[in-house]
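The values are calculated or read from the model by the stated rules, or taken from the named source; none is laboratory data. Since this is a predicted model, take the numbers as computed values, not measurements. Positions of Cβ are backbone-derived with ideal geometry, glycine not excepted, and every protein chain shown enters the neighbour counts. When the accessible area is computed, the model is the full protein with side chains, heavy atoms only, and any ligands, DNA or RNA have been set aside. Shrake-Rupley method; radii C 1.70, N 1.55, O 1.52, S 1.80 Å.
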Amino acid sequence: MSYINENFLNLQESYLFSTIAKKVAKYQEENKDKKIIKLGIGDVTRPIVPACIEAMHKAVDEMGTQEGFRGYGPEQGYEFLRKAIVENDYKKRGIDIAEDEIFVSDGAKCDCGNIVDIFAEDNKVAITDPVYPVYLDTNVMSGRSGKYDSKTGTYENIVYLPVTSENDFKPELPKEKVDMIYLCFPNNPTGTVLTKEELKKWVDYAKENKAIILYDSAYESFITENDIPHSIYEVEGAKDVAIEFRSYSKTAGFTGVRCAYLVIPKQVTGYTKSGEEVPLNKLWNRRTCTKFNGTSYIVQRAAEAIYTKEGQKQIKENINYYLNNAKIIKEGLEEAGYTVYGGVNSPYVWLKVPEGLTSWEFFDKLLEEVNIVGTPGSGFGPHGEGYFRLTAFGTKESTEEAIERIKNWKK
Ligand code: MLT
């Protein structure tokens, strides 16, 4: 008999973005004449920039020659890309990261999900609430949570750190001792940020409690304000306690190309039950060599091209395009009388839903009455209830149209 991993039965029925996609598809099927504007899932719409396209073409041609052909590459990523990452994403910010502390992958979602492999099942996990669902679901799948309580919308054994307007979207340190802490800044879904001093509290907590911070900085390229850290390693001491996730999905429009990387400094350690310290870099390297055969050469060449002068200029144009959409959404909603957060250092705008409606009720009304798709805050966790997320990743035209529809909406 083959027994299943029963932890999967503990998950909610469907992944948030799949639920939304199904609801929208059903509505469109029943209302074929309606022009739906999708500002739900954070998927980009701008084409890949020319510098990356050229690099991919060149790599494709190379693969068709005897000299240029490549089979399996290094599981951790090609040296050319790891070098470019070290130089551009870290050295330029005064951060000393070594090439062998970088692991190139096919996406930050997979990295965030897979990292749980190297941690013990009985670690206590803390997540902010609302949160990107992958951190929670993958810990449920791997047995780090208890049962789901449908009354509170929370899992036993998971420590939820509320981020709401009441605490200015700044999570408080956990009251109990935790071992793994997920932080994502600029934050998905709220679009809010932490300063270096605010992040330092977390680094100090992690050091005192021998905890690990799993820091997702997938949205760092959208930071526009000066004192907001792009990497957790800008904070003193973070190299001892933090793993950082980076993604090219939103930075360079690679949601369909697939490339990201993970940073595990060699001094970041976990512990055996007998108290022995073990470098996590070594464990992750071992896992990677066994379970992954590397990101495609063609894709890594495209990622490398992001760091060229042309590449930088071109991707910045796209980032500014999306930031302008965020401004259109934020200002338009404010004009329409909504209370709005985020959207300044982030492609996500987080709004308060009108009094008397739940997030899902607002989702349905917005879809049915003005044909706009967003993401209900409660889909990201119980403290997301009463909020709603819109993304700036649409086209400028559709974003403007969506805001006009909302402004003219007779609720
Ligand atoms: C989101 O909408 O939160 C993101 O696009 C999801 C992701 O990056 O996987």
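Name the residue from Phe69, Ser359, Tyr321 whose Cα lies farthest towards the positive end of the charge dipole of the chain, charges +1 on Cβ of Lys and Arg and -1 on Cβ of Asp and Glu.
Phe69
Express the Stokes-Einstein translational diffusion coefficient of segment 346-411 in µm² s⁻¹, to the nearest whole number, given a Kirkwood radius over alpha-carbon pairs, 10 °C and a viscosity of 1.306 mPa s.
Estimated via Stokes-Einstein, D reaches 131 µm²/s.
Of Val370, Val349, Val203, which has the largest mean-square fluctuation in a 10 Å C-alpha GNM of the chain?
Val370
So, with a 1.4 angstrom probe, what is the percent of accessible area on the chain that is carbon and sulfur?
50
Along the charge dipole of segment 260-411, Cβ charges K/R +1 and D/E -1, which of Val373, Ser274, Val349 sits furthest on the positive end?
Checked the options; the winner is Ser274.
With the radius of gyration and the Kirkwood radius both derived from the Cα set of the chain, what is their ratio Rg to Rh?
0.96
Considering only DSSP states other than H, G, I, E and B, which trypsin sites (Lys or Arg not before Pro) in segment 175-225 qualify as loop sites with at most 15 other Cβ atoms within 10 Å?
Lys175, Lys177, Lys210
How many nm separate the modelled label positions at Lys313 and Ser142, each set 7 Å beyond the Cα in the direction of the Cβ?
If labels sit at Lys313 and Ser142, their model points lie 4.3 nm apart.
Between segment 256-329 and segment 132-203, what is the C-alpha centre distance in whole Å?
Their Cα centres are 22 Å away from one another.
Using a Gaussian network model of the chain whose springs link C-alpha atoms within less than 10 Å, name the residue from Lys124, Lys35, Lys327 with the highest mean-square fluctuation.
It is Lys35.
Which lysines, on any chain, are close to Lys207 with Cα under 21 Å apart, when same-chain ones fewer than 8 places away are left out?
Candidates past the 8-residue exclusion: Lys124, Lys170, Lys175, Lys177, Lys196, Lys239, Lys266, Lys273, Lys282.
Mind putting a number on the dipole of segment 53-308 about its Cα centre? Charges go on the C-beta only, +1 for Lys and Arg and -1 for Asp and Glu, and I need it in Debye to the nearest 20.
For this selection, approximately 400 debye.
Return the single residue from Asn114, Asn167, Asn281 with maximal mean-square fluctuation; model: Gaussian network over the chain, springs between Cα atoms under 10 Å.
For the chain, modelled as a Gaussian network with Cα springs under 10 Å, the answer is Asn167.
So what is the accessible area of the chain per residue, in Å², with the probe set to 1.4 Å?
About 45 Å² of surface per residue is accessible.
Based on Cβ point charges of +1 for Lys and Arg and -1 for Asp and Glu, what charge dipole magnitude is obtained for segment 126-179 about its Cα centre, in debye rounded to the nearest 20?
140
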